[in-house]
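Q: I'd like to ask you about the structure that follows.
The values are calculated or read from the model by the stated rules, or taken from the named source; none is laboratory data. All of these numbers come straight from a predicted model, not from anything done at the bench. We place every Cβ from the backbone using ideal geometry, glycine too, and count neighbours over all the protein chains shown.
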Amino acid sequence: MKKILVAIITVLIISCNEKPTTGFSLSGTTNGFEDGSLLYLDYDNKVLDSVEIKDNAFVFTTKLPKAPMKLWLHNKDFSNYTAFWAENKPMTLDATNTDFRNAMITGSESEKLSASLYKKIDTLPRSERQKLEMEFVKNNPSSIVSASMLSIYATTWGKEKTTELYEQFSKENKESEFGQEIARYIELNKQPKIGEQFVDFESENQIGQLKKLSDLKGKAVLLEFWASWCGPCRQENPNLVKTYKEFNPKGFEIFAVSLDQNKEDWLKAIQKDSLDWEHVSDLKGSRNEASLIYGVNGIPDNYLIAENGKIIGRNLRGEQLNEKLKEILE
């Protein structure tokens, strides 16, 4: 009997000392929504869950694939939306007197840290914003918010600064998906300068054939970075078509790298804009390998490579490009 009592007491003591298990939930209040309206919870452009609003209130009890993770909450037409860092804890959203973008979200330390930063920099000029963002990453090396931010700004801040900040990260941050993306950028980035030799790479064309930039060595080559969704790129394409028709017979080629993710959109844009030159893409968007090698942080962008393989210009457009081609080909 004594043994049984001791066993029961031991179980009770252990139970009392155990921390209660919790999971993610989001309880929210809204304004102006009709009963039955749907809200969606997205991660990486995929819907994780949806709920109906009743009496301008809702509750998500979604099982997260990982945590912390950045989620998007929005209605069907995205007229109300917000992004926030979710953790495996009960969280709340209060949009009673505002829209989702300005809602008060509580319950997540990662979200609290992120919100405090953006409250400081929201109205600042870009140069001042960047300085504070760098300081934030430096001062919070264990926060997933820092890892996410550095993965976004790596190509903008450059290899040297990115490496400096990355090396201070916690082991967990380095092993995160964001940390792995940063490490890949640091490994790949060469960012050749004007006067230096081009850096070779290979990628698949529209029909899956591997093509190398060096396949065009011996010709003047414009290494063009673009995408079907890039408005300025598409606006410039008619000028590029004219340039190609004029100078291609004289030894000029274009090697176009798309930062698309959707192959169908990429192929349609090539056809619609009549882009009759070499095209490649790994369909990884901003994580395109060639763009990481060359340090591209915005498109359109390009490198003009002379017949001897030296880079002789960057981001040349219209008449500026034409004049340079006349100089080297005529």
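Q: Could you check, for segment 158-165, whether at least one of its residues is over 20 Å from Asn297 (Cβ atoms), more than 17 Å from the chain's Cα centre (by Cα) and either buried (at least 16 other Cβ atoms within 10 Å of the Cβ) or modelled with pLDDT of 95 or more (or both)?
A: Checked segment 158-165: no residue is over 20 Å from Asn297 (Cβ atoms), more than 17 Å from the chain's Cα centre (by Cα) and either buried (at least 16 other Cβ atoms within 10 Å of the Cβ) or modelled with pLDDT of 95 or more (or both).
Q: Sticking with this one: Check Thr92, Thr96, Thr62 and return the single one that is within 24 Å of Ser176 (Cα to Cα) and either among the hydrophobic types (A, V, I, L, M, F, W, C) or in contact (Cβ under 8 Å) with a residue 12 or more places away in the chain (or both). Working first, answer last.
A: Numbers: Thr92 fails: within 24 Å of Ser176 (Cα to Cα); Thr96 fails: within 24 Å of Ser176 (Cα to Cα).
Going through Thr92, Thr96, Thr62 in turn, the sole match is Thr62.
Q: Separate question: Return the residues of segment 216-236 that are in contact (Cβ under 8 Å) with a residue 24 or more places away in the chain and either part of a helix (DSSP H, G or I) or surrounded by fewer than 15 Cβ atoms within 10 Å (Cβ to Cβ) (or both); say none if nothing qualifies.
A: If the condition is that a residue be in contact (Cβ under 8 Å) with a residue 24 or more places away in the chain and either part of a helix (DSSP H, G or I) or surrounded by fewer than 15 Cβ atoms within 10 Å (Cβ to Cβ) (or both), then Leu216, Lys217, Gly218, Pro232, Cys233, Arg234, Glu236 are the ones that fit.
Q: If a residue must be at positive phi and in contact (Cβ under 8 Å) with a residue 40 or more places away in the chain, how many such residues does segment 314-330 contain?
A: So the answer is 1.
Q: Give Leu73, Leu48, Leu117, Leu41 a once-over and let me know the one that is outside the structural domain of Glu172 (by TED's automatic domain parsing), under 22 Å from the mean Cα position of the chain (by Cα) and in contact (Cβ under 8 Å) with a residue 40 or more places away in the chain.
A: Leu73
Q: Could you list, in sequence order, the residues of segment 48-81 that are out of contact with any Leu (no Cβ under 9 Å at 6 or more places or on another chain), under 23 Å from Asn97 (Cβ atoms) and of a type in the set (A, V, I, L, M)?
A: Ala57, the sole residue that qualifies.
Q: Further, regarding this structure: Can you tell me which residue among Ser203, Ser127, Ser142, Ser146 is among the polar types (S, T, N, Q) and within 18 Å of the chain's Cα centre (by Cα)?
A: On the way: Ser203 fails: within 18 Å of the chain's Cα centre (by Cα); Ser127 fails: within 18 Å of the chain's Cα centre (by Cα); Ser142 fails: within 18 Å of the chain's Cα centre (by Cα).
Exactly one of Ser203, Ser127, Ser142, Ser146 is among the polar types (S, T, N, Q) and within 18 Å of the chain's Cα centre (by Cα), namely Ser146.
Q: Output yes when any residue across segment 184-194 is in a loop (DSSP other than H, G, I, E, B), at pLDDT 95 or above and within 19 Å of Phe252 (Cβ to Cβ), and no when none is.
A: Yes - at least one qualifying residue is present in segment 184-194.
Q: Another one. Being surrounded by fewer than 18 Cβ atoms within 10 Å (Cβ to Cβ) and either not assigned by TED's automatic domain parsing to the domain that holds Ser151 or not acidic (Asp, Glu) (or both) is the filter here; which residues of segment 166-182 pass it?
A: Matches in segment 166-182: Gln168, Ser170, Lys171, Lys174, Gln180.
Q: Counting only residues that are of a type in the set (A, V, I, L, M, F, W, C) and touching a strand residue (DSSP E or B) at 6+ places or on another chain (Cβ under 7 Å), which one in segment 71-92 is surrounded by the fewest Cβ atoms within 10 Å (Cβ to Cβ)?
A: Ala83
Q: Could you tell me whether any residue of segment 211-225 is touching a Phe, Trp or Tyr at 6+ places or on another chain (Cβ under 9 Å) and at pLDDT below 95?
A: Within segment 211-225, one or more residues are touching a Phe, Trp or Tyr at 6+ places or on another chain (Cβ under 9 Å) and at pLDDT below 95.
Q: Just name the residue that is nearest to the chain's Cα centre (by Cα) out of those in segment 51-69 that are of a type outside the set (A, V, I, L, M) and crowded, with 17+ Cβ neighbours inside 10 Å.
A: Filtering first and then ranking leaves Pro68.
Q: May I pose another question? If you go through segment 93-124, how many residues are β-branched (Val, Ile, Thr) and crowded, with 16+ Cβ neighbours inside 10 Å?
A: The number of residues fulfilling the criteria is 2.
Q: Identify, from the list Phe225, Phe255, the residue that is of a type in the set (Phe, Trp, Tyr) and more than 27 Å from Leu150 (Cα to Cα). Show your work before the answer.
A: Details: Phe225 fails: more than 27 Å from Leu150 (Cα to Cα).
None of the other options fit; the residue is Phe255.
Q: Further question: Any residue at all in segment 237-245 that is within 25 Å of the chain's Cα centre (by Cα), surrounded by 16 or more Cβ atoms within 10 Å (Cβ to Cβ) and assigned to a strand (DSSP E or B)?
A: Among the residues of segment 237-245, not one is within 25 Å of the chain's Cα centre (by Cα), surrounded by 16 or more Cβ atoms within 10 Å (Cβ to Cβ) and assigned to a strand (DSSP E or B), which makes the answer no.
Q: In addition: Taking only segment 272-330 into account, find how many residues are over 28 Å from the mean Cα position of the chain (by Cα) and small (Gly, Ala, Ser).
A: 4
Q: Let me ask something else about it. Just the residues that are at pLDDT 85 or above and either exposed (fewer than 11 other Cβ atoms within 10 Å of the Cβ) or hydrophobic (A, V, I, L, M, F, W, C) (or both), please, taken from segment 1-30.
A: Selection gives Phe24, Leu26.
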